[in-house]
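The next block holds one structure in the form of structure tokens; read it before the comments.
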Amino acid sequence: MRIFTILFLCMIGTSCAQHGQLTYLCSLPGELDENSGIATLEADKVWLIEDNNNKDRIYEVSSGGEYLRDFKVKNAKNDDWEDLTQDQAGNLYIGDFGNNENQRKEFIIYKLPNPLKEKGDKIDAEKIEFSYPEQKKFPPEPADRKYDTEAFFYLDSLLYIITKDRSNPFCGEALIYTVPAVKGKYDAELVGVFPTCNDYSFCQITSAAISPDGKTIALLGYGSLWLIRDFNLPDFSGGKVEFIDLGVRSQLEAICFKDNKTVYVSDEENHGLGRNLYSFTLPDSQKKKEKGY
């Protein structure tokens, strides 16, 4: 009976093995069942967005799951919002660059002012428009479908965009592009290629973030995490890479840094599972294994 009780409690509990190496923090509000991007401006609060054809809004939630407020994003349309990042001034950037079928020709990043300074229920948006000059067909041949995107981060006045590989046969490569973090229209610059791994279901990049001190880049996949340190820019793929199996297979869609040692991670709700916020403490960089995948 005691064994049965333990198993039952583990099934309904919030800190058991189904979360793998992630620490469960809370269930997110029901409005965020398709959350796709996350950023933090205060240690115990997060901002979130949802993906394609959901509301043109950003949402603030406490790390305990309390809905705090939201803003309608003016001059913006949620075609496929896939990631959220911020700069040192607290400006938020929404990546409207989802491209599952590799058919889109143009993409938008919306730049928002620091929402902590905003009043009311609406917030302005500037447009950073871009395209991938290497893509010549829409869609390309299956083997060249590398232009879906769900991940980016800000550093030193540039936005680093990391694509989601949908090639068939799958080659496990994420393209690294940059665009200026300034209103305008650009050809994104291809600066590198990041090798992930060879499992299609496990090795696609779904979100990205960089630590506040600028020393660690985190790339998220469906249950996987790549930590990159000691890198050079703009092509960070040559840095020291630690691959971590998070021990979960939920639809992990978003990551951001709480501080230099801790990340927040969230997943979409899928078949009744997910829509949760988690934390993960980064391992000691001295103990990492380089490219151990």
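The values are calculated or read from the model by the stated rules, or taken from the named source; none is laboratory data. Bear in mind that the values here come from a model prediction, so they are computed numbers and not experimental data. Because the Cβ atoms are built from the backbone with ideal geometry, glycine has one as well, and the counts that use them run over all protein chains shown.
Give me the pairs, please: first residue somewhere in the stretch 152-172 and on the phi > 0 side of the Ramachandran plot, second residue anywhere and of a type in the set (A, V, I, L, M) and at pLDDT 95 or above, beta-carbon distance under 7 Å, and either six or more positions apart or on two chains.
Listed by first residue and then by second, the contacts come to 157/181.
Assuming residue 257 fulfils every condition listed in (1) of a type outside the set (Gly, Ala, Ser); (2) assigned to a strand (DSSP E or B); (3) within 30 Å of residue 126 (Cβ to Cβ); (4) out of contact with any Pro (no Cβ under 8 Å at 6 or more places or on another chain) apart from one, which condition is it?
For residue 257, the exception is condition (4).
Of all strands (runs of 3 or more DSSP E) completely enclosed by the stretch 55-98, which ones contain at least 2 residues that are in contact with a helix residue (DSSP H, G or I) (Cβ under 8 Å, 6 or more places away or on another chain)?
Details: elements: 57-62, 67-73, 81-86, 92-96.
Fully inside the stretch 55-98 and qualifying: 57-62, 67-73.
Out of everything in the stretch 77-106 that is crowded, with 24+ Cβ neighbours inside 10 Å and among the hydrophobic types (A, V, I, L, M, F, W, C), what residue ends up being nearest to the chain's Cα centre (by Cα)?
The selected residue is 84.
This table checks each residue for (1) aliphatic (A, V, I, L, M); (2) more than 19 Å from residue 206 (Cβ to Cβ); (3) surrounded by 13 or more Cβ atoms within 10 Å (Cβ to Cβ); (4) modelled with pLDDT of 95 or more.
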site	(1), (2), (3), (4)
4	no, yes, no, no
12	yes, yes, no, no
16	no, yes, yes, no
32	yes, no, yes, yes
39	yes, no, yes, yes
55	no, yes, yes, yes
63	no, yes, yes, yes
72	no, yes, yes, yes
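Please work out which one of (1) assigned to a helix (DSSP H, G or I); (2) at positive phi; (3) not basic (Lys, Arg) is the condition residue 116 fails and give its number.
Condition (2) is where residue 116 drops out.
Does any residue of the stretch 132-140 turn out to be closer than 17 Å to residue 190 by Cα, in a strand (DSSP E or B), among the hydroxyl-bearing types (Ser, Thr, Tyr) and under 23 Å from the mean Cα position of the chain (by Cα)?
No: the stretch 132-140 contains no residue that is closer than 17 Å to residue 190 by Cα, in a strand (DSSP E or B), among the hydroxyl-bearing types (Ser, Thr, Tyr) and under 23 Å from the mean Cα position of the chain (by Cα).
Would you check if residue 109 is buried (at least 21 other Cβ atoms within 10 Å of the Cβ) and more than 20 Å from the chain's Cα centre (by Cα)? Explain how you work it out, then say what you get.
Values: buried (at least 21 other Cβ atoms within 10 Å of the Cβ): yes; more than 20 Å from the chain's Cα centre (by Cα): no.
Against the criterion (buried (at least 21 other Cβ atoms within 10 Å of the Cβ) and more than 20 Å from the chain's Cα centre (by Cα)), residue 109 does not qualify.
For residue 250, only one of the following conditions fails: (1) at pLDDT 95 or above; (2) more than 16 Å from residue 151 (Cβ to Cβ); (3) surrounded by 18 or more Cβ atoms within 10 Å (Cβ to Cβ). What is its number?
Checking residue 250 against (1) at pLDDT 95 or above; (2) more than 16 Å from residue 151 (Cβ to Cβ); (3) surrounded by 18 or more Cβ atoms within 10 Å (Cβ to Cβ), the one that fails is (1).
Mind checking whether some residue in the stretch 227-250 is within 14 Å of the chain's Cα centre (by Cα), without any contact (Cβ under 8 Å) to a residue 60 or more places away in the chain and closer than 26 Å to residue 51 by Cα? Quick ask: steps written out before the conclusion?
Initially, the stretch 227-250 is screened for residues within 14 Å of the chain's Cα centre (by Cα), giving 227.
Subsequent filtering for residues that are without any contact (Cβ under 8 Å) to a residue 60 or more places away in the chain retains none.
No; the residues of the stretch 227-250 include none that is within 14 Å of the chain's Cα centre (by Cα), without any contact (Cβ under 8 Å) to a residue 60 or more places away in the chain and closer than 26 Å to residue 51 by Cα.
Quick check on this structure: which one of 202, 194 is surrounded by fewer than 20 Cβ atoms within 10 Å (Cβ to Cβ), under 26 Å from residue 167 (Cβ atoms) and either among the aromatic types (Phe, Trp, Tyr) or within 17 Å of the chain's Cα centre (by Cα) (or both)?
Details: 194 fails: surrounded by fewer than 20 Cβ atoms within 10 Å (Cβ to Cβ).
Just a single option satisfies the conditions, and that option is 202.
Is the stretch 274-290 home to any residue that is in contact with a strand residue (DSSP E or B) (Cβ under 8 Å, 6 or more places away or on another chain) and under 24 Å from residue 178 (Cα atoms)? Show your work before the answer.
As a first pass, look at the stretch 274-290 and keep what is in contact with a strand residue (DSSP E or B) (Cβ under 8 Å, 6 or more places away or on another chain): 274-283, 285, 288-290.
Filter again for under 24 Å from residue 178 (Cα atoms), leaving none.
No, because not a single residue in the stretch 274-290 is in contact with a strand residue (DSSP E or B) (Cβ under 8 Å, 6 or more places away or on another chain) and under 24 Å from residue 178 (Cα atoms).
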